[in-house]
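Novice: Attaching a single structure in structure tokens format; questions to follow.
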Amino acid sequence: GGHTYPLAPPFHVFATQNPIEQEGTYPLPEAQLDRFMFMIKVDYPTFDEEREILRRTTEDTSVDLSPCIDAKDIADLQAIVRKVPVADQVLDYIMRLTRATRLTGNEAPGFIKELLSWGAGPRASQYLVLAAKAKAVLSGRFHVAADDVKAVVHPVLRHRIITNFSAEAEGITPDHVIDRLVETIDPNASAALSDGKLPGVLK
């Protein structure tokens, strides 16, 4: 301990979780989970995907790999993503989504208080903004829309909200709660619009 080992950017940590087998592994506390930008669910492959897996892994073992991108390209893309403007209306939508999961405030709908024991913090809002910016760039746009937020809200929030015992007993997962949250929170009901002001990106 006591030593710092600087790592060249971009540096990322990828972790795997098996929901069935827990022997030899330890669940991460909420504070550590919150530092992961996404939780990606990996389901079983489709029929065609599984056939391709069999073909690629049971035939010739020699594989010719070549880089498709280098560290500088990744850093440049990250810089581009951060420069994408976000309208106040979209920022308000993101904040209302995350703040609605917090049990201590008055912004949480009734079903949130019934189903959750813990809500998402400010880091969730930060990652929703960055993820929505990246989604917009990947879609060929240089502005963020509410649909970009909806496209990334599940992987950003699902490990940051914790269902309570009653919800777990009924088989309600964080994804179910997020589905209902997206249905409840209107992206157009923004403070930036209700006060008669133009969204920030248009000023």
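Novice: Identify all residues within region 34-70 that are modelled with pLDDT under 90 and either under 15 Å from HIS12 (Cα atoms) or surrounded by 10 or more Cβ atoms within 10 Å (Cβ to Cβ) (or both); write none if there are none.
Specialist: Hit for region 34-70 is ARG56, nothing else.
Novice: What's the number of the only condition in (1) more than 15 Å from the chain's Cα centre (by Cα); (2) surrounded by 14 or more Cβ atoms within 10 Å (Cβ to Cβ); (3) farther than 30 Å from GLU170 by Cα that ARG102 fails to meet?
Specialist: (3) is the only condition that ARG102 fails.
Novice: What pairs can you find where one residue is in region 20-40 and part of a helix (DSSP H, G or I), the other is modelled with pLDDT under 85, and their Cβ atoms are less than 9 Å apart, with a gap of 6+ or different chains?
Specialist: LEU33/PRO27
Novice: What's the number of the only condition in (1) closer than 27 Å to ALA132 by Cβ; (2) surrounded by 10 or more Cβ atoms within 10 Å (Cβ to Cβ); (3) among the aliphatic types (A, V, I, L, M) that ALA79 fails to meet?
Specialist: The one condition ALA79 does not meet is (2).
For every residue, the table says whether it meets (1) out of contact with any strand residue (DSSP E or B) (no Cβ under 7 Å at 6 or more places or on another chain); (2) over 18 Å from ILE185 (Cα atoms); (3) not charged (D, E, K, R).
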residue	(1), (2), (3)
THR57	yes, yes, yes
ALA75	yes, yes, yes
ALA79	yes, yes, yes
PRO109	yes, no, yes
LYS113	yes, no, no
ARG123	yes, yes, no
PHE142	yes, yes, yes
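Novice: If the Cβ limit is 8 Å and pairs must be 6+ apart or interchain, which residue in region 50-66 that is touching a residue at least 40 places away in the same chain (Cβ under 8 Å) and on the phi > 0 side of the Ramachandran plot pairs with which residue that is part of a helix (DSSP H, G or I) and surrounded by fewer than 10 Cβ atoms within 10 Å (Cβ to Cβ)?
Specialist: So the pair list comes out empty.
Novice: Search region 164-184 for residues being surrounded by 19 or more Cβ atoms within 10 Å (Cβ to Cβ) and touching a residue at least 40 places away in the same chain (Cβ under 8 Å), and hand back the single one that is nearest to ARG99 (Cα to Cα).
Specialist: This residue is LEU181.
The values are calculated or read from the model by the stated rules, or taken from the named source; none is laboratory data. As the structure is a computational prediction, the values presented were derived from the model and not from experiment. Neighbour counts run over all protein chains shown; Cβ positions are idealised from the backbone, glycine included.
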